[in-house]
1. On the given criteria, is ILE133 in contact with an Asp or Glu (Cβ under 9 Å, 6 or more places away or on another chain) and on the phi < 0 side of the Ramachandran plot?
2. Select from the range 111-160 the residues that are among the polar types (S, T, N, Q) and under 23 Å from TYR80 (Cα atoms) and write down the one among them that is surrounded by the fewest Cβ atoms within 10 Å (Cβ to Cβ).
3. Which of (1) under 25 Å from ASN153 (Cβ atoms); (2) surrounded by 11 or more Cβ atoms within 10 Å (Cβ to Cβ); (3) among the charged types (D, E, K, R) does GLU68 not meet, given it meets every other one?
4. Just checking: which of the strands (runs of 3 or more DSSP E) contained wholly in the range 46-103 hold 3 or more residues that are touching a helix residue (DSSP H, G or I) at 6+ places or on another chain (Cβ under 7 Å)?
Amino acid sequence: MKKIILLLTSLLLSCNDEQDCCSQIPGNDTLYEFSIINNNGEDLLDENTQDTYNTNSIRLYDIINGEEKLIYFQNGDYPYGYSIIKRDILYLIRLGFNESNLKVSGIVEWNPNKRDTISLEMVQQSEHVKRLIKIKYNGDVVWDEETASNTDNRYFQIVK
């Protein structure tokens, strides 16, 4: 018990007005991932799958005041605002839209002929920390904190 009190005391004392201690608490972020499969259960983010979505033509667009703005970071690790990772047997995609507001909308352009919309809803945890509470994909709720079995795992799957 003394160790727990000592740990909590040191954590509280190490925080000041310029630091946000809540940012270290699991679940206080806006990270989400999703996979895409076809009707046969094949992973469409796997480069080896026929009709894969995992190509160099993926582009993200923020929708700001009704206008589309291409996401591009010239010297970034992920210049077009997304990353694709392999977890277990599936590839997952992570998207990075402008999160300056608590409600965010964006477009995923898989190729010039295929586009989908993503809408994110967040709450402000503290001055510098937001928490994602709802995700919509093409207008349908695909993840909701209120109904999620694990609120720290913001994952959904799309069937194309």
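1. On the way: in contact with an Asp or Glu (Cβ under 9 Å, 6 or more places away or on another chain): yes; on the phi < 0 side of the Ramachandran plot: yes.
Answer is yes for this residue.
2. ASN113
3. Failing condition for GLU68: (1).
4. Working: elements: 59-64, 67-70, 82-87, 90-95.
Of the strands (runs of 3 or more DSSP E) lying wholly inside the range 46-103, none has at least 3 residues that are touching a helix residue (DSSP H, G or I) at 6+ places or on another chain (Cβ under 7 Å).
No value in this document is a laboratory result; all are computed from the given coordinates. Values in this document were obtained by computation on a predicted structure and should not be read as measured data. With ideal geometry, Cβ positions are generated from the backbone for all residues, glycine too; neighbour counts draw on all protein chains shown.
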